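Heads up, the thing below is written out as structure tokens.
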Amino acid sequence: MSNRIAPKLLAEFIGTFALIFIGAGAAAVIGEGAGLSGIAAIAFAHGLTVMAFAFAYGPVSGGHFNPTVTIGVLAAGAMRAGEAAGYIVSQLLGGVAGALFLSAVLGGAQTGLGTPALAHNLALGATFLTITPAAGFMIEAVLGFFLVTVVLSTAVAGRAGSLAPLAIGMTLTLNILMGGALTGAAFNPARALGPMVATGNFNDAWLYLTAPIVGAIVAALLHTGLARLTQEGMASAGPDRAAQTPAE
């Protein structure tokens, strides 16, 4: 391992560990069926953790803390495959370590450790909703798409400057406010896999591991396509117009 990659992998491990310990920990402590106020608390626990550690480690590793983000950045051509593989391994290890440490703190896996799950008989107004695996896949994919879109458009493209961690953290918060009661709103294979390993509950693991990646790839394709169209539009508009348009 080179001296250049080691700090990045350590940053990704610590950031993902923190996300699981605090985010999944909040879900375990508050528990299921806590209502909108409980979901809001869980959403802010995740969003604030990612924001804080992205501010702390963004200059080191980019502050991904999520294989979905790493795959999206890779698909957008903003990092090398070997480096992305190292990130993903570190994130998954950080997620499992965070969940195991959380289990030790909470005295075992009986709380569920924030393991994401599809809703069954969720009361919505005058009806009850059960999320099928197909619907859950679409929800997790869309949430992953939203997150990667914001990451690519702020941190990678540099449009938000030093405020990119704020935009990314708020995206996590908004995603969980909407999807938390439906799928657990993991949209992060490390966030899902860590508690699954610690509890031994691998229900719908395929969904949580693959759906956000599909969303990430779509986001990367859209990002690169829009960037290409913008550059072509600037070129066709002539040098005067191009000079007035911010670069990607």
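Ranking L174, A185, S61 by how far each Cα lies toward the positive end of the dipole of the chain (charges on Cβ) leaves S61 at the top. Sorting 18-25, 185-192, 197-204, 170-177 by their mean Cβ neighbour count within 10 Å, with the most densely packed peptide first, gives 185-192, 18-25, 170-177, 197-204.
Quick note on the stretch 80-223: its Rg to Rh ratio, both from C-alpha atoms and Rh being the Kirkwood radius, is 0.99.
Excluding ligands, DNA and RNA, the accessible surface per residue across the stretch 97-205 is 42 Å² with a 1.4 Å probe.
Kirkwood analysis of the stretch 1-121, using all unique Cα-Cα pairs, places the hydrodynamic radius at 15.1 Å.
The values are calculated or read from the model by the stated rules, or taken from the named source; none is laboratory data. All values reported here derive from a predicted model rather than from experimental measurement. Quick reminder, even Gly has a Cβ in these numbers, built from the backbone with ideal geometry, and neighbours come from all protein chains shown. In case anyone asks, the SASA skips ligands and DNA or RNA and just uses the protein heavy atoms, side chains included. Shrake-Rupley method; radii C 1.70, N 1.55, O 1.52, S 1.80 Å.
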